[in-house]
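What follows is a single structure, written as structure tokens, with notes after it.
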Amino acid sequence: MANQFPSDWKRSAPGGLRSERACEFCGRSSCRVFLGLNPSKLRLGQLRIHNLSPLPIALRCNGADPKEIKTKGSMIIPATHEQISCDLAYRVENEWKFQEHNFMPVRAKEQTQMIIVKSNNSYFQSADGSSGGFLQVVTLRRAASES
């Protein structure tokens, strides 16, 4: 059916996704994106996921029900045993398409952010010009500050 998560996923209850503004555009022609969120708001050992792609995405993390993240949205996922199991799907023309399943380390003494983008930049391409997926995933890590 159109506008449904992949058939083996269950839709989460309404209001299950906490939506917050994840980025600001500087207005310059280079269209640089700033993740203008205060790092002190992300606890160590958690993963903040930003959707900067032009498409809605759905994530199923640690076996929980999938959550939809609209463009420019974000959500925070707590790690289990310093890792997160994550399934990623995206919606094109009212159809959900599964992209990948990954295990991501989320260390207890780090802040971790995952940014999902759609880019043709050569940074995301292999030597032969191919790309690993329709969407690209970037992971940022920041160690706890030493006091």
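A few comments on the model shown:
- Cβ separations smaller than 8 Å between residues 6+ apart or across chains give the following pairs from the stretch 109-125 residues that are at pLDDT 80 or above to residues that are assigned to a loop (DSSP other than H, G, I, E, B) and of a type in the set (Ser, Thr, Tyr): ILE116/SER53; VAL117/SER53; LYS118/SER53.
- Among residues that are out of contact with any Cys (no Cβ under 9 Å at 6 or more places or on another chain) and either under 19 Å from ALA144 (Cα atoms) or in a loop (DSSP other than H, G, I, E, B) (or both), GLN113 is included.
- Per-region count, the stretch 53-99, residues within 17 Å of LEU135 (Cα to Cα), part of a loop (DSSP other than H, G, I, E, B), touching a residue at least 40 places away in the same chain (Cβ under 8 Å) and open to solvent by less than 50 Å² (accessible area, probe 1.4 Å): 3
The values are calculated or read from the model by the stated rules, or taken from the named source; none is laboratory data. All figures in this text were calculated on a predicted structure; none of them were measured in a lab. All Cβ positions, glycine included, derive from the backbone under ideal geometry; neighbour counts span all protein chains shown. For accessibility, only protein heavy atoms count, side chains too; no ligands or nucleic acids. Shrake-Rupley method; radii C 1.70, N 1.55, O 1.52, S 1.80 Å.
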